[in-house]
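Below: one structure, written as C-alpha cells.
The values are calculated or read from the model by the stated rules, or taken from the named source; none is laboratory data. The model shown is predicted, which means the values in this text are computed figures rather than measured ones. Virtual Cβ from ideal backbone geometry, glycine too; neighbours counted across all protein chains shown. The protein model used for the area step is the full one, side chains on, heavy atoms only, and it has no ligands, DNA or RNA in it. Shrake-Rupley method; radii C 1.70, N 1.55, O 1.52, S 1.80 Å.
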Amino acid sequence: MKKILILTILFTSIVNGQVFSGKGDAKFQIGANFQNKGNGIIATFDKGISQNMSFGFTTSYILGIEEVLGEKPNFDDRFDFRARFSANIADIFNIEDKFDVYPGLNVGIKNFGAHLGGRYYFTDAFGVYSEVQFPIAYYDNSPANFVEKYNNQFNFSIGASFNL
C-alpha cells in the first residue's frame, strides 16, 4: 500500500505541470458562444511566444439567431475571425498549477476588442475553459441595425480546452 501511495504521489507531481508552459506551448479550445439574440460555436488557438505571452486566433459562427426587424442575418453577419494576444498570468500570481488566467486583446474583421478567460486542466491534455469577449472599438461608426452588430457585442463562451 505504501509503494502504491508513493508511486501515485510521484506520478502526479511529474504529470501536473503548469497549464501554460511558455514559448511553444499550444492550446486549442472549442465551445459554445452565448450572446444577445443568438448563440453559436467558437474555436480558439493560442501559441506561446514567451514565458507569459501567447498569440492566436479566434473564429466564431452564430447558429441560433432570432430575426430582428424581420431580417435574418446572412453568413458574413454570423461569422467572425480575430487575431488575439494574451498575457498568461497564473504563474505570476502563484495560482494553482492546473489553472490559467489570461486577459488579452483581439483585432478582427468586425472590431477591436478584449477578452478575459480562464482554463482548468484535469489532465495534461484536457481541461475546460470559460471566456468573455467584448468590443472596444467598431470599424464602422455609422448607424446600423442590430443585425450588423451580432459580432460586436459582449459574449460569453464555455467549452473544452486541449493541450497540443
Rounded to a whole %, the carbon-and-sulfur portion of the accessible area of the stretch 49-164 at a 1.4 Å probe is 66
Note on the stretch 16-164: the mean projected area of its alpha-carbon convex hull, in nm², is 8.5
So, with points 7 Å from each Cα along the Cβ direction, the ILE95-ALA43 label distance in nm works out to 2.6
